[in-house]
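The structure under discussion appears below in the form of structure tokens.
The values are calculated or read from the model by the stated rules, or taken from the named source; none is laboratory data. Owing to the predicted nature of the structure, the values given are computational and were not obtained by experimental measurement. Neighbour counts run over all protein chains shown; Cβ positions are idealised from the backbone, glycine included. Keep in mind that these areas ignore ligands, DNA and RNA; they rest on the heavy atoms of the full protein, side chains included. Shrake-Rupley method; radii C 1.70, N 1.55, O 1.52, S 1.80 Å.
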Amino acid sequence: MKILVINAGSSSLKYQLINMETETVVAKGTCERIGIKGGRLMHKANGKETVIEQELPNHTEAISLVLKELVDKDAGVIKSMDEIDAVGHRIVASGEAFTKTTLITEETLATLETVSELAPLHNPAAILGIKACQAVMPGKKMAFVFDTSFHATMPDYAHLYAIDYDDYKQYKVRRYGAHGTSHKFVSGAAAEYLGKDIKDLKIITCHLGNGSSISAVDGGKCIDTSMGFTPLAGVPMGTRSGDIDVAAIDFLCKKKGMTMDEGLNYLNKKCGMLGVSGISSDFRDLRAASEEGNYRATLALNMFTYACKKYVGSYMVALGGLDCVVFTAGVGENTPSIRKAILSNMETFGIVLDEEKNAQPNDGTVHEISAKESRVKVLVIPTNEELVIARETAALL
Ligand code: ADP
């Protein structure tokens, strides 16, 4: 069985064709600059990368070009589109309309359109991707796989904000979380690595990248997560502020003459590591600057690791114990100093890192970095969100 995974943005479209028997990637790539001058496709298959410069006026043209490459009689990986059994579409926000992977029908697509305002940059783009696939692959089975589904198990007292309950009911303002497919993948992979049933494990998953979120997973079910109504909440990130007193933003808007929209744009794009350091949103740049003695770069990194530490501590208590901490994504997989700072001084709570193992570079496999005497296992696990989307789509079939 082969599943095509599509992650469509407003001007880009990423895809992977996955062979489900071996769970390996047959081909993958990205269409860039859709609807803007200078479109191109970067396609990788059979160990070769092809770059095609071609105007991509819309998502339908982009997906047509992808399919043309996949079935190309010389460089292609499949003979015809019939070899694609189904398509899984990554969807950022489901609101309360969906809590699990869902077959795409006219009706479910119409329902999804009603929650677009929850992710105005992402959901409408994903819907364009779906409609483009429907146009070029009529009748093909397709599924929505939501970033938010894994968090749908959070209990009411964890996902609700303390606002007027009637407003929650009417407007559905609550914590939804994000990165759910990643948290699901790494918590499952941790159980597999530990040789235990996930039902018997309490796990904290730290997805630390440009965007970061931390989740508490009890028996395979998410019970809390750091992102909120939108991905702005939680720990400070590359350019996002993370948690902040909302009264401070009203104050800042008035002082800087910003509208609420501008204030939100400021919190999403100009704060976090970039705002504090004044240097970069990229953790590699910050580490380099910090090693040269830059105070603001060091401060940004300290704020990040301290916030992560607080989430780990509070989730350990929320879970009522802890068996495993997992680090994943760009920063979590590749930055020993950040992992060390987050889990420092936690020996009392049964967490002891093995410094040598922690310093080893990421080799793309599951990597245990806790010391022998550590009661809590600490693992580095490369995330694979596309595989979760493909697995969920295959399971639905
Ligand atoms: P996104 O949220 O955009 O998916 P990523 O998970 O790719 O982000 O993480 C991006 C961050 O990860 C950057 O700040 C970068 O510094 C860091 N990063 C990515 N790869 C590496 C690497 N090989 N070594 C060190 N840091 C890395």
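Odds and ends about this structure:
- Carbon plus sulfur fraction of accessible area for the range 146-230, probe 1.4 Å, in percent: 50 percent
- Solvent exposure of the range 264-317, expressed per residue, is 54 Å² of accessible area, with all protein chains present and a 1.4 angstrom probe.
- Charge dipole (debye, nearest 20) of the range 236-275; +1 at Cβ of Lys and Arg, -1 at Cβ of Asp and Glu: 180 debye
- DSSP-defined antiparallel bridges as percent of all bridges, the chain, nearest 5: 70 percent
- Extension gain, Tyr295 to Asp156: 0.36 nm times the residue separation minus the Cα-Cα distance gives 45.9 nm.
- Applying the criteria of a DSSP loop state and at most 10 other Cβ atoms within 10 Å to the GluC sites (Glu not before Pro) of the range 235-295 yields Glu292.
- Sequence-ordered 3J(HN,Hα) estimates for the range 146-157 from the Karplus curve with 6.51, -1.76 and 1.60 and θ = phi - 60° stand at 9, 4, 8, 4, 4, 8, 5, 8, 4, x, 4, 5 Hz, glycine and proline given as x.
- Look at the Cα gyration tensor of the range 224-295: its axes a ≥ b ≥ c give a/c of at least 1.5 with a/b at or below b/c, and that counts as oblate.
- Simple Cβ-charge dipole of the chain, Lys/Arg +1 and Asp/Glu -1, about Cα centre, in debye nearest 20: 400 debye
- Local net charge near Thr24, Cβ-Cβ under 12 Å (Lys/Arg +1, Asp/Glu -1): -1
- Net charge contributed by nearby residues that have their C-beta within less than 12 Å of Asn294 (K/R +1, D/E -1): -1
- Pairs of lysines in the range 46-176 (C-alpha under 27 Å apart; 8 or more residues apart or interchain): 21
- Selection from Phe98, Met20, Tyr165, by position along the positive dipole direction of the chain (Cβ): Tyr165
- Its relative contact order, with pairs defined as Cα atoms under 8 Å and 6+ residues apart, puts the chain at 14 percent.
- Accessible area (Å², 1.4 Å probe, nearest 10) - Asp166: 100 Å²
- Near the amide H of Ile34, within less than 5 Å, lie the amide hydrogens of Ser12, all on another chain or at least 5 residues away, with H placed in the peptide plane.
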